[in-house]
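The values are calculated or read from the model by the stated rules, or taken from the named source; none is laboratory data. The model shown is predicted, which means the values in this text are computed figures rather than measured ones. Every residue, glycine among them, receives a Cβ derived from its backbone with ideal geometry; neighbour counts consider all protein chains shown. Each accessible area value is taken on the protein alone, full model and side chains, heavy atoms only, with ligands, DNA and RNA left out. Shrake-Rupley method; radii C 1.70, N 1.55, O 1.52, S 1.80 Å.
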Amino acid sequence: MTRFRAASDRLVDADTAVRRAEADRLLAVAGMIDTYPAPEPMVDSPAAERTVSAGAEGAGSVGEFVALEVGALLHLSEPAAWSLVHDVANLRSRHPRLWAAVADLRVEAWQARKVALAAEELSAEAARWVDKKLEAVWGVVPWPRIRRRLQGLVVRADADLARRKAEIARRDRFLSIRHLGDSTSVLTARIDTAAALTLEAEITRITTRMRKDGAQEPLPVLAARALEEIATPTTEDTTGTPGLPLADVVVHIAAEALDTAATDATNVARVLARGGDVGPVLVDQLADLLGHHRIRVLPVTDLAGDPSVDAYEIPDRIRRQLAIREDSSVFPYSTSRSRTADLDHTVAYRRSTPGSPAPPGQTRISNLGPLSRREHRAKTAGIWKLSQPEPGVYEWTNRTGRRWRVSRGRTVRIPDGVRYRNRRIDIFFA
């Protein structure tokens, strides 16, 4: 175990070195921008260097040949070098909090560049608003969850831009069919999301029927067969023609939206379909997106409650409450979605034995947490130890003694030897 701990220490050190090197590279590019000589144009010469924008609005300007210098030094083409220059200029001018997080090694350089690119079309003020909203998540929330939130923030920051981009995307719809010559073909398409949801619901209905009829193939194979059946219906469907597909609409409301004095009237909903998260959508676009669906409105759940049952099986109301509180697995840095995860009893369920009845209320919110199947197995095997000192706070220990604390989707490494008297975390991920 000592050798394993030493190997894990080396891995952490190597990761820190990579992050430091990547951060230093961005800082060095910033230095190139700052020290690049101002253009001195030759009179009436088309070859004269010009001053151009270094990035998006508010990112400053620089000589247009700076990318040639950067590209030659880093073995990059001019377009790739310009992309790097733009990202660095945008980050430090439009995302100062994120720029500081990169320097502090709380966020990887490539992640920061993704944020800068996603917000590139926003105004400087809107980009800084997005930067402020993301400040608390760096280093404690895994990238896929940050990316999902980033998408919603960009939509909220400029609703008109979001509508224009959605209209452009609709105009760019396409369908490509490529025949492989082995009796199969590959379909690639961009279609309207409302139509995609309807198609997805129909495929789900057909694959469900296939399962009931005894089909054993993996789900992707069954989905392909279902699409073939839709295109060339040859089997008799005994279930009848379905009604309108069902959609659950989950609207996440940020805390500031509850402020009656706020002037921001942009409301964003997150639509959850059976196949996964559709993503952030402006509320006034819901009618177009879900006009051909039946909408199921679920009752509001009090997340502060701790309902319990005496049985091992978890009722839907408790499952739904936990999925709302924890939208992802509670394993450190996990990105597995809770709606498809196992619900694990933090303290293993004790069944009744002769002369020893099962303790009451073991299945309760404060003793449950969503885990992916592999995470669940590792915990059950005792390779990872888990405690839940209070509802929503999960403390993990691996076999080498390293510890992590997960709460509200945030993961924090607990330094060796540190004990927390007050375990409550008052940071929320809206």
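Dipole check for the stretch 305-430: with +1 at the C-beta of Lys and Arg, -1 at the C-beta of Asp and Glu, and the Cα centre as origin, the magnitude is about 420 Debye. For the stretch 348-397, the alpha carbon positions stretch 34, 23, 17 Å along the principal axes, listed from largest to smallest. Positive contributions from Lys and Arg (+1) and negative ones from Asp and Glu (-1), summed over other residues with Cβ under 15 Å from the Cβ of G71, come out at -3.
Rolling a 1.4 Å probe across the protein heavy atoms gives the stretch 1-120 an accessible surface of 57 Å² per residue. Computed over protein heavy atoms with a 1.4 Å probe, the carbon and sulfur contribution to the accessible area of the stretch 1-96 reaches 59%.
Rolling a 1.4 Å probe over the protein heavy atoms gives the stretch 305-411 an accessible area of 48 Å² per residue. For the stretch 1-59, applying the loop criterion from DSSP together with a ceiling of 15 other beta carbons within 10 Å to the trypsin sites (Lys or Arg not before Pro) yields R50. At a probe radius of 1.4 angstrom, the accessible area of the stretch 126-168 per residue rounds to 42 square angstrom. The figure for R351 is an accessible area of roughly 150 square angstrom, using a 1.4 Å probe on the protein chains alone. Per-atom-type breakdown for the stretch 305-430 gives carbon and sulfur 49% of the accessible area (1.4 Å probe, protein chains only).
In the stretch 100-210, the portion of solvent-accessible area held by carbon and sulfur atoms comes to 52 percent [1.4 Å probe, whole percent, DNA, RNA and ligands not counted].
Residues in the stretch 81-95 carry Karplus couplings, in order, of 5, 4, 4, 5, 4, 4, 4, 5, 4, 5, 4, 6, 9, 9, 9 Hz; the curve used is 6.51 cos²θ - 1.76 cosθ + 1.60 with θ = phi - 60°, and Gly or Pro positions show x. Each Lys or Arg adds one and each Asp or Glu subtracts one; over the other residues with Cβ under 12 Å from the Cβ of R5, this totals +2.
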